[in-house]
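Report on the following structure.
The values are calculated or read from the model by the stated rules, or taken from the named source; none is laboratory data. Predicted, not measured: the structure shown is a model, and the values here were computed from it. We place every Cβ from the backbone using ideal geometry, glycine too, and count neighbours over all the protein chains shown.
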Amino acid sequence: MSRVVLLHAGIGDSRLWARQVPALAPHFEVVAPDLPGFGETPEPDEPFSLVDLVAAHLPAALVGNSFGGMVALRTALAHPDRVSKLVLVAPAFPGWDFGEQIQAYWAAEEAAVARGDLAAATEVNLEFWVAPEHRDEVRPQQLRALELQTAHEEPEVRWPQLAPLSSLTVPTLVVIGERDVDDFRAIAAHVAGELPDADLAVVPGAGHLVGLDRPDELNALLLEFLEN
C-alpha cells in the first residue's frame, strides 16, 4: 500500500485532516504528523529542518495545506525522486510579497502575542482564516500551537536551497478555495503556472482550509488524483 503524508496548515494541527484521513485510509497508508510547534510535537530548542523531518516519511505522495503546502513543495524540490505525487492546498510560497490584508493580520497577531494574550492571538487567527462554523473545533488546536511556539526562544528553521519550480516534474495538483484571500489565490495560480506538470482546481464556497470547508469535494479531488 502506497503512503500519503498529510502536512497541516500553520493554524491548527494534524487534526485539521480529520475529514480526510478516513476517506484516504482504505486506499493508502496515511501519515499525518504534527509539525514541530503544533499539537503533540514541541518546537526543538536547536536549529532544525522541516524538510528533513518530512523526508523521513518518504517515499510517499505529499499533501500540504498552507504552511504545510510550502513544506511539501520544498520537500518535493529537495527530493523529487522520492515524491510520487504532490497536492498543494492553498500553499504558502517562500519570499512571497504579501499585501496589506495579510500584513495587517500578522501585525494584530504579533501584538496580541507580545502582550502575552494568547487567547486574543488565537481569535485573530480564527477570524482571519477559519469559517465561523469551524472555529470552536480549531480554537484549542491554535491555542496549543501558540503555547508551544512561545514556550522558549524561536529556533532557526534550516531550508535547502530553493530549486526552480520549472525543475520539478512530479505530477502536482494545486487546490484553492474560491473564497481564500487574494494573496493565496495568486500564489496558487503562480505555482500551478510554473510547475511543468500541474493542474489547478478551484473549490467553490471554500476558504483557506478547504478540508474543513468542503471536505467531500477535497476528498474526491484527492482520491481521483492520487489513485490515477
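Quick notes on this structure:
- Number of the condition not met by residue 167 [criteria: (1) small (Gly, Ala, Ser); (2) out of contact with any helix residue (DSSP H, G or I) (no Cβ under 6 Å at 6 or more places or on another chain); (3) farther than 21 Å from residue 54 by Cα]: (3)
- Residue count for the range 7-24, restricted to those that are surrounded by 24 or more Cβ atoms within 10 Å (Cβ to Cβ) and in a helix (DSSP H, G or I): 2
- Residue 224 modelled with pLDDT of 95 or more and either closer than 28 Å to residue 40 by Cα or not aliphatic (A, V, I, L, M) (or both): yes
- Annotation note: Cβ proximity below 7 Å between a residue of the range 205-228 that is of a type in the set (D, E, K, R) and a residue that is surrounded by 19 or more Cβ atoms within 10 Å (Cβ to Cβ) (sequence gap 6+ or interchain) occurs for 213/177; 213/206; 213/207; 214/203; 214/206; 217/203.
- The lone criterion from (1) touching a helix residue (DSSP H, G or I) at 6+ places or on another chain (Cβ under 7 Å); (2) within 21 Å of residue 106 (Cβ to Cβ); (3) outside any helix (DSSP H, G or I); (4) not hydrophobic (A, V, I, L, M, F, W, C) left unmet by residue 122 is number (3).
- Residue in the range 110-125 that is out of contact with any Ser or Thr (no Cβ under 6 Å at 6 or more places or on another chain) and closer than 21 Å to residue 17 by Cβ present: yes
- Restricting 136, 117, 182 to residues that are surrounded by fewer than 17 Cβ atoms within 10 Å (Cβ to Cβ) and either on the phi > 0 side of the Ramachandran plot or touching a residue at least 24 places away in the same chain (Cβ under 8 Å) (or both) narrows the list to 182.
- Test: residue in the range 170-192 that is among the aliphatic types (A, V, I, L, M), at pLDDT 95 or above, in contact with a helix residue (DSSP H, G or I) (Cβ under 9 Å, 6 or more places away or on another chain) and over 30 Å from residue 29 (Cα atoms): yes
- Taking (1) buried (at least 20 other Cβ atoms within 10 Å of the Cβ); (2) without any contact (Cβ under 8 Å) to a residue 24 or more places away in the chain in turn, residue 189 satisfies each apart from (1).
- Filtering the range 76-95 to residues that are assigned to a helix (DSSP H, G or I) and crowded, with 17+ Cβ neighbours inside 10 Å leaves 76, 77, 78.
- Out of 104, 92, 23, sole residue that is out of contact with any Asp or Glu (no Cβ under 8 Å at 6 or more places or on another chain), assigned by TED's automatic domain parsing to the domain that holds residue 144 and small (Gly, Ala, Ser): 104
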